[in-house]
Structures are given as C-alpha cells and as structure tokens.
Amino acid sequence: MKVIIFGGLGYLGSKLKQVLKKQGYKVEIFSNKKFNKITSNSFYYTKKNFENYLIKIKPSFIFYLSGNSNPSTSKNHNYDFIRSNIPLQNFLEAAKNINFKGKIFFSSSIAVYGNLYTKKKINEESSEPANFYGLSKLLAEKQIQFYVKNFNLDVIILRLASFFGPELKKQFIYEFTMKALNEKNIKLLGHNTDKRDFLTIDYLVQIILLLIKKKKIKYRIINIGSDKEIMILKVAEKIIKKLKIKKKILFKKKVKSPAFPKMSLQRLNKIININNINNNFDKILYQTISYIKKNNGKN
C-alpha cells in the first residue's frame, strides 16, 4: 500500500515514514521546494505538480503535514498564508481534479483554540485562535471542509497538542534544556503552577497508525493529546535533575497566567481505545534530554 507524506522532511513526517515502512507501507516523502531547496524530494507546490505526483504514485493514504510548524515565526500577517494556506489550496484542487478517492490526514493544531481557557475540556466544535498561526490552521480546516462537502474528498483533521521527542529542536522541553545547559539562572514566563499537555512523538505516531486502520471513519476533526496535564515546573525539575546540575528556576510573572487549553479526547476515544496506549512521558523525556545534551549542550 502506497503512502505520500507532504512535509515528510519535518519531525513528525520523518517519524511517520520510519514507522510506516516497518509496517510494510511504501512511503514517498516530499517537501515544498520554495522553502526546502536542498533535497531531491522537493518540488514547487503548484496545482499541476501535485496532480503529476498523485497520478504517478497513486497513493492510498496521504499525510499533509506541510506548512509553517513553528508559531514563533508567525510575526508577519501574511507568512502563514503564503507558506501554509496557498500550497494547501493547490493540493486540494489537485486532489479534486484527479478525483482522489483515498484518505487524507491533515495536521492541524491546538492553536485553533487560542484563548479558550475553561474548566471543562474543549471539544472539536470550538475555535478561537489568538495568533496568526492559529488563524492559519483554522482557515486550513475551513478550506478542507469546503472540498469535503463540495467535492467528496475524504479528510481527517488532527488537532495536535504540542509533541516532543529526541531531535526536535523547538518547544518547551528543548528550549528549557538548552537554557539549563547554557544560562546561569533560568527564567520562565507564567506562574509556577502552570500546566501543559505534553504529547510524546511515540504516542502520537501510535495513535495515527490506529486511525489509519479505521477504514470506516470519514471526515472528522479529532483532538489528539495525552489527556493528562503536567505542571511545567515539575517537568523543569525533572530536566534539572537528569542533567545533574543546580540552577534556579525563576518565573517572570507574579500572577498566574493561563495554561494551554484542555482538549477533550472523547471523540478520539470513541474511535480507538487510547487507554491501552502508554504515553511513556518520562522515558521519552529522558531520551530527549540526553540527545540535546549530547548534540547541542555546552560543557
């Protein structure tokens, strides 16, 4: 069975490629040549080029992971639309034009919830982006919904919590570990009681593999998280302990700042039993710390 991963040079794409190949899938990866010019697996994301590759490869599944994957780069109001939404529109047009009948998985983000901080967990019917990155992801979902409704494309939208693992050079765990290795005192925004959903890359890939096998599910928006919130301070202390160093952790704000939105996983749990999947938080955390120390840390 053939699979295409657009955005296959990214962290999630690379991990998916490894696991899918072990499962017996024939995997082709591509990236947008406009932003990744150093590889033979890149091409310009035009409608015609998408059509050519889809016709040539004839995949059963497509993972569309391309686009901006780092909210911190979303300072220019046009950046995300140029990098993410316009190429996606070309892809959707191509899939429509060739009458693609396979299943498409699109990586959205918890960022579509923005400032929705409530005591109750937030379901997939909600959205309130607070930055251009979140707005771009929500617009991408609307683009997809239009093509699903009007042209019968079969797309599963995955709203992902922040995930981490060895080799990922962004997000809180990477950034904090680098600060711990290189700064005298470590300053964090927010309050020492702030919490976050920490999703390991292994857990995320396991869930995606199970979703692939659910052939009967059609268009859905699905939250994917660990269903557990961990205090940021506790994670920071684990990192300090693992590094065997003594440094102070300082919080810049005296007042409590809101944590990330809490996502409801009820819809996901109806499709697959996530209770049988181990997030392996400590194991992946310690692997990640060791990798960062070996490859990026200063003595």
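Evaluating Thr288 against the criteria (1) surrounded by 17 or more Cβ atoms within 10 Å (Cβ to Cβ); (2) modelled with pLDDT under 95; (3) part of a helix (DSSP H, G or I) leaves one unmet condition, (2). Residues in segment 133-172 that are open to solvent by less than 10 Å² (accessible area, probe 1.4 Å) and of a type in the set (D, E, K, R) were compared, and the one that is farthest from Leu233 (Cα to Cα) is Glu141. Scanning segment 12-54 for residues that are farther than 17 Å from Gly67 by Cα, assigned to a strand (DSSP E or B) and either out of contact with any helix residue (DSSP H, G or I) (no Cβ under 8 Å at 6 or more places or on another chain) or open to solvent by 40 Å² or more (accessible area, probe 1.4 Å) (or both) gives Lys26, Glu28. The set of residues in segment 173-193 that are of a type in the set (D, E, K, R) and either at pLDDT 90 or above or open to solvent by less than 10 Å² (accessible area, probe 1.4 Å) (or both) comprises Glu175, Lys179.
For Asn123, the criteria (1) open to solvent by less than 50 Å² (accessible area, probe 1.4 Å); (2) in contact (Cβ under 8 Å) with a residue 40 or more places away in the chain hold in every case but one, which is (1).
Each row is one residue, and each column tells you yes or no for (1) out of contact with any Phe, Trp or Tyr (no Cβ under 6 Å at 6 or more places or on another chain); (2) among the small types (Gly, Ala, Ser).
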residue: Lys15; (1), (2): yes, no
residue: Phe30; (1), (2): no, no
residue: Lys48; (1), (2): yes, no
residue: Tyr53; (1), (2): yes, no
residue: Ser60; (1), (2): yes, yes
residue: Ser66; (1), (2): no, yes
residue: Asn78; (1), (2): yes, no
residue: Arg83; (1), (2): yes, no
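Residues that are out of contact with any helix residue (DSSP H, G or I) (no Cβ under 8 Å at 6 or more places or on another chain) and acidic (Asp, Glu): does segment 210-227 have at least one? There is no residue in segment 210-227 that is out of contact with any helix residue (DSSP H, G or I) (no Cβ under 8 Å at 6 or more places or on another chain) and acidic (Asp, Glu).
Inspect all residues belonging to segment 210-227 and state whether any of them is open to solvent by less than 90 Å² (accessible area, probe 1.4 Å) and more than 22 Å from the chain's Cα centre (by Cα). Reasoning before the result, please.
Initially, segment 210-227 is screened for residues open to solvent by less than 90 Å² (accessible area, probe 1.4 Å), giving 210-212, 214, 217, 219-227.
Going one step further and asking which of them are more than 22 Å from the chain's Cα centre (by Cα), we end up with none.
Within segment 210-227, not a single residue is open to solvent by less than 90 Å² (accessible area, probe 1.4 Å) and more than 22 Å from the chain's Cα centre (by Cα).
Checked against (1) of a type outside the set (Lys, Arg); (2) open to solvent by less than 50 Å² (accessible area, probe 1.4 Å); (3) not in a strand (DSSP E or B), Ile4 meets all criteria but (3).
Condition test on Asp202, is it open to solvent by 40 Å² or more (accessible area, probe 1.4 Å) and acidic (Asp, Glu)? The answer is yes for Asp202.
Can you confirm whether Asn99 is part of a loop (DSSP other than H, G, I, E, B), open to solvent by 70 Å² or more (accessible area, probe 1.4 Å) and modelled with pLDDT of 95 or more? Steps first, please.
Values: part of a loop (DSSP other than H, G, I, E, B): yes; open to solvent by 70 Å² or more (accessible area, probe 1.4 Å): yes; modelled with pLDDT of 95 or more: yes.
It is true that Asn99 is part of a loop (DSSP other than H, G, I, E, B), open to solvent by 70 Å² or more (accessible area, probe 1.4 Å) and modelled with pLDDT of 95 or more.
Applying the criterion of at least 3 residues that are charged (D, E, K, R) to the strands (runs of 3 or more DSSP E) found wholly in segment 165-272 leaves 195-197.
For residues that are of a type in the set (Lys, Arg) and under 22 Å from the mean Cα position of the chain (by Cα), scanning just segment 5-57, find the one that is nearest to Arg83 (Cα to Cα).
So the first thing to find is which residues in segment 5-57 are of a type in the set (Lys, Arg), and the list is 15, 17, 21-22, 26, 33-34, 37, 47-48, 56.
Still in the list and also under 22 Å from the mean Cα position of the chain (by Cα): 15, 17, 21-22, 33-34.
Details: Lys15: 22, Lys17: 22, Lys21: 28, Lys22: 31, Lys33: 11, Lys34: 9 Å.
This residue is Lys34.
The values are calculated or read from the model by the stated rules, or taken from the named source; none is laboratory data. Here the structure is a predicted model, which means the values were calculated and not measured. Cβ: placed from backbone, ideal geometry, glycine included. Neighbour counts: every protein chain shown. Heavy atoms of the whole protein, side chains included, go into the accessibility calculation; ligands, DNA and RNA do not. Shrake-Rupley method; radii C 1.70, N 1.55, O 1.52, S 1.80 Å.
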